[in-house]
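What follows is calculated from the coordinates using simple rules that are stated; it is not laboratory data. All values reported here derive from a predicted model rather than from experimental measurement. When we count neighbours, we look across all protein chains shown, and the Cβ atoms used for this are built from the backbone with ideal geometry, even at glycine.
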Amino acid sequence: MSFAKVLLCLDTDTQPSVFDAVVAVDAGVDQLLRHGGVEPDDVRNLVYGAMFTRGPADLNNTAVFIGGTDVATGEELLAGVRKCFVEPMRVSVMLDSNGANTTAAAAVLSAKKHVPLSGTNVTVLAATGSVGRRVVRLLAREGAMVCVASRQVERALQVCDEVRKVVPNAKLVPWMTDDEESVGEALVVATVVIAAGAPAVELLPDKRRRQCDPLKVAIDLNAMPPSGLGGIQPQDKAVERDGQICYGAIGVGGTKMKLHKAALRRLFEANDLVLDAEEIYELGKTI
């Protein structure tokens, strides 16, 4: 008997994401069970419904996807899903709230195409947001020396502490970037800069970016004008500007979409996978 591929979508927003649904369909999912406004207390009954309707040998045809714009709650949902598993009854699960995992993985993979990350100085601007935190985590695992930049040094320190809990040997420096001068100072020795700030907020003016002599790769994840990194266009993909290899949000977005679809397909290859930022990043190295 052939079983349909069923994806249980747990979304923290009131209306489940249309974007995530379309990507799932394009990735080959047969049936979507979409639930919006999901809270941590809702997880058990929803996941039990997915787990206990098929035998262990067929559970690779059922998977869970966690989405929505609330990344912190999404992480709580993932923890709740994992607590539901009773061997051999379990299903694979992927976390990509607000697209943070796939976007961060795509950004770091883009940088890795051009420079070896181990031992390389990388500055992450707006490093305390959901994408920035994951970028820092992935860079730390690659052995990069990361300048963790934020307008509030306390928040940068918090990110450093969180990352060191999972990457004990992480080489991290918290940095306060509350004006143009301090942003420039955060880039004095940087070979790579990744800007993960809010939409339509310029973090580094064009003139200042061009003055960063050691800078070889500049990646801006803001798709709304003005660019987070001045002079970089959203559609840039490995475009050379002023001696720097530049990526804009749309340029990174192609890799992000490939990763999203590949990760969804991967869910149905086994029933015991947990795809968080690190797992998605490792998958990206193979595609």
Quiz item: Could you work out the helix-only [θ] at 222 nm for the chain, with each DSSP H run of four or more residues adding -39,500 (n - 2.57) and the total divided by the number of residues, to the nearest 500 deg cm²/dmol?
Solution: -11500 deg cm²/dmol
Quiz item: Which entry in [x] 19.5, 65; [y] 19.3, 59; [z] 21.5, 78 is this structure's computed Rg and Dmax of the Cα atoms in Å?
Solution: [x]
Quiz item: In terms of the Cα gyration tensor, with a ≥ b ≥ c the square roots of its eigenvalues, is segment 1-57 rounded because a/c is under 1.5, prolate because a/b exceeds b/c, or oblate?
Solution: oblate
Exercise. Would you please put 220-229, 115-124, 62-71, 181-190 in order of how densely packed they are, using the mean number of other Cβ atoms within 10 angstrom per residue and starting with the highest?
Key: 62-71, 220-229, 115-124, 181-190
Quiz item: What is segment 158-225's relative contact order, in percent, from Cα pairs under 8 angstrom and six or more apart in sequence?
Solution: 32 percent
Quiz item: Taking Cα atoms, how many degrees apart are the long axis of helix 130-141 and the longest axis of the chain, rounded to 10 and kept between 0 and 90?
Solution: 80 degrees
Exercise. Assuming a ≥ b ≥ c are the square roots of the Cα gyration tensor eigenvalues, decide whether segment 145-265 counts as rounded (a/c under 1.5), prolate (otherwise, with a/b larger than b/c) or oblate.
Key: oblate
Quiz prompt | segment 6-95: C-alpha gyration tensor shape, a/c 1.5 cut-off, then a/b vs b/c | solution = oblate
Quiz item: When only C-alpha pairs under 8 Å and at least 6 residues apart count, what is the relative contact order of segment 105-204, in percent?
Solution: 33 percent
Practice problem: Return the percentage of antiparallel bridges among DSSP beta bridges fully within the chain, rounded to the nearest 5 %. | Solution: 10 percent
Quiz prompt | Relative contact order (%) - criterion: Cα under 8 Å, at least six apart; region: the chain | solution = 18 percent
Self-check item: segment 197-277: GluC sites (Glu not before Pro) in DSSP loop, at most 14 other beta carbons within 10 Å
Solution: Glu269
Self-check item: ³J(HN,Hα) computed for each position of segment 32-49 - Karplus, 6.51 cos²θ - 1.76 cosθ + 1.60, integer Hz, glycine/proline x
Solution: 10, 10, 9, 10, x, x, 6, 10, x, 5, 7, 5, 4, 5, 5, 6, 4, x
Quiz item: Nearest 10 degrees, 0 to 90: what angle lies between the long axis of helix 249-267 and the longest principal axis of the chain (Cα atoms)?
Solution: 30 degrees
Quiz item: Pairs of lysine in segment 185-287 with Cα under 15 Å and at least 8 positions apart or on different chains: total?
Solution: 6
Quiz prompt | Low-density loop cleavage sites - trypsin sites (Lys or Arg not before Pro) in segment 90-172, where at most 14 other Cβ are within 10 Å (DSSP) | solution = Lys113
Practice problem: Can you tell me the 0 to 90 degree angle between the C-alpha axis of helix 100-112 and the longest principal axis of the chain, rounded to 10? | Solution: 50 degrees
